[in-house]
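Bear in mind that the values in this text are calculations on the coordinates, not laboratory data. Source: prediction; values computed, not measured. Counting neighbours? That spans all protein chains shown, and the Cβs are built from the backbone with ideal geometry, glycine included.
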Amino acid sequence: MYLLIVFLPLLGSITAGFLGRWLGKYGAAIVTATCVGLSTLFSLIAFYEVGLAGSPVYIKLFTWIDSEMLHASWAFLFDSLTVVMLIVVTIVSTLVHIYSIGYMSHDPHLPRFMSYLSLFTFFMLMLVTGDNFVQMFLGWEGVGLCSYLLINFWFTRLQANKAAIKAMIMNRIGDFGLTLGIMAIFFVFKAVDFATVFALAPYMTDLNIVIFGYELHALTIICIFLFIGAVGKSAQLGLHTWLPDAMEGPTPVSALIHAATMVTAGVFLIVRCSPLFEYAPNALLVVTFVGAITAFFAATTGMLQNDLKRVIAYSTCSQLGYMTFACGISSYSVSMFHLMNHAFFKALLFLSAGCVIHAMADEQDMRKMGGLVRIIPFTYGMMLIGSLSLMGFPFLTGFYSKDVILELAYAKYSVGGTFSHWLGTVSAFFTAFYSFRLIYLTFLSSPNGPRTIISHAHDAPPIMGIPLLILAVGSIFVGYVMKDMIIGLGTNFWGNAIYTQPQNLSLIESEFIPTYIKLFPVILSIIGATLAIILNAYYPRLLLRIKHSTLGREVYSFLNKRWYFDIVYNEMVGRKLLSFGYNVSFGALDKGLIEIVGPYGLERSIRKIASQTSALQSGYLYHYAFTVLIGLTVLITTIGLWDYLSAWFDYRLYIVYLIAALFYHYSSSNE
């Protein structure tokens, strides 16, 4: 059963991908949805057996790599952390599969789309169930590949091509860091399986390694490298620019990437490696600061975006910042709780946005919508529930994890904790503001779209509406139902899946912080939501005057253009790298050095030397005798004076002289 959880989506993907032409659109869709649905059913059983009954499962299939000390197996680990990820991934993926049958019904390439979705799910399940870093890295790279395929699904669109390439490049940068981290782990621990590495971590706390001549703390460097991988995959500040552009793919893709699969992989990696991070406090401080700044950056940027899906994308980026800095303050269980809650209301928001876009004939600009509350009331209700849960409205799912993160950050009583608490609290205000700005501009304002489109708008059909209802129930009740079991005081739900040092626990202290500190984020959220409705409904001219003022224009441009990150990357990084790639890497190295030293240049040089040597063929015997005599004299002199010459001449420079000679002959022959 446990292996079926992982491999059923792969079976569905292969079937839809290779037999889709014969199965037809809906046949392929039914096969993939059924396979993922069965995987969900088995995941719920696994959650009961492993999470509730406390019986972790380890399955070893066979050896994958066995080379001297490097040993990696095809093995699967099902502990509490894994089964929580399993139910999140499989439930959301199943609902997205069902939703896609209706949303993509007009697309002739539906079998290929469903195949990609199932493959995406399979690689994510491989990532969360692997028992070693190498197998986890296979799933890690697989979700990166599938994100490229899905974002670029409509490959005839130039923007989709650019967005997919951007996602691939940004993730490759992060993956390079993760690769270095895995190499460093093998260098230090001589193993790559989780059990060995985590068991040995306490004994490596004083170990230093030398990198580029600097002696550095081994575990800190390892954790920094692992975090770079998480930054790329979970779109933290610096490598975040791919996430909003990923909206170019179909809306179900956005829901799957942003809610359950790809972006949660980075947070999962940090939580899985908690035994390493706990012994690297400096790395945890970096995680805290990056997560807090990401939450603030994304919240401010989302406030002035006009694309419906882009606003929700920046909310994902912001919520990932909350999860990351929760890990930075050693609250891994609360981070996972927020990850699980976030999956439900974020999938609900994206799929509801898909219904709006479907009704508006693929229009995504909120300024061209409005008045939809009477036309698509069901979608309005679903999006309202998702937005309220996102902003942390009391007693909805988002409230039970988001506010706990802020309370724990305050109770940390450290520089990182205080910094992340206040940035997170201010971000809560902006989150509520952009959530209700979206609600007002899309549903409550006066209609701004073309009459022909609005007159033909319709609500979601049942096949798209049922997944929304299920996600809405999760967005309301999951946080309350699961709170005590996952983050309650004294709970033993996580077992050995998560490790936290006793001095880093701050859950008890968070119960005794002042009440106004606990209420402050909720108050700010309510103020932000109210302010968004009032300003957009009653004072639009005031907003227009502020926007057109000198300061307002600068602020609006700064936030709307995403803090100018893309401009800086394009001008200062992209152009210089392209110039280096063409002029230096291609022009000087590929066309220059490699051609001269390589077969082509070697052949040219030897041919020229041979042609010049042939001029010495005079036909006179005494010329040849003189040449032999000179050669023997030089040889005997060199051998006799070798000890003396070796003090002045390093024979290892011979290759340098050879290359210089080849350069000379090559350049002179070109003249």
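Determine, for each peptide in 381-392, 565-576, the mean count of other beta carbons within 10 angstrom over its residues, then list the peptides with the highest first.
In decreasing order of mean packing, 381-392, 565-576 become 381-392, 565-576.
Which whole-angstrom value gives the distance between the alpha carbon centres of region 314-376 and region 1-55?
Each part's Cα centre sits 25 Å from the other's.
In degrees, nearest 10, range 0 to 90: what is the angle between the Cα axis of helix 654-670 and the longest Cα principal axis of the chain?
The answer is roughly 90 degrees.
Roughly how many Å is it from the Cα centre of region 478-536 to that of region 618-639, as a whole number?
First find each Cα centre; the distance between them is then 91 Å.
What list do you get for Leu8, Leu285, Leu621, Leu216 if you sort them by fewest beta carbons within 10 Å?
Leu621, Leu216, Leu285, Leu8
Using Cα atoms only, what is the angle between the long axis of helix 415-439 and the major principal axis of the chain, expressed in degrees (0 to 90) to the nearest 10?
60
Quick one: angle between helix 397-411 and the longest Cα principal axis of the chain, in degrees between 0 and 90, rounded to 10, please.
60
Give Lys162/Lys309; Lys368/Lys547; Lys483/Lys518; Lys162/Lys346 a once-over and call out the pairs whose C-alpha atoms are over 21 Å from each other.
Lys162/Lys346
Full extension from Thr418 to Tyr564: what is 0.36 nm times the residue separation minus their Cα-Cα distance, to one decimal in nm?
Gain on extension, Thr418 to Tyr564, equals 49.8 nm.
Could you list Arg562, Arg451 so that the one with the fewest beta carbons within 10 Å of its beta carbon is first and the one with the most is last?
The order, fewest Cβ neighbours first, is Arg451, Arg562.
Using a simple spin-label model with points 7 Å from Cα along the Cα→Cβ vector, what separation in nm is obtained for Ser55 and Leu138?
Each label point is offset 7 Å from its Cα along the Cβ direction, giving 2.7 nm.
Just one of (i) 1.17; (ii) 0.90; (iii) 0.99 is Cα Rg over 2.2 N^0.38 Å calculated from these coordinates, so which is it?
(i)
Between region 225-278 and region 545-584, what is the separation of their alpha carbon centroids in Å?
So the separation of the two Cα centres works out to 23 Å.
Among His458, His258, His421, rank each residue by its count of other Cβ atoms within 10 Å, from fewest to most, as a rough exposure measure.
So the residues, fewest neighbours to most, are His458, His421, His258.
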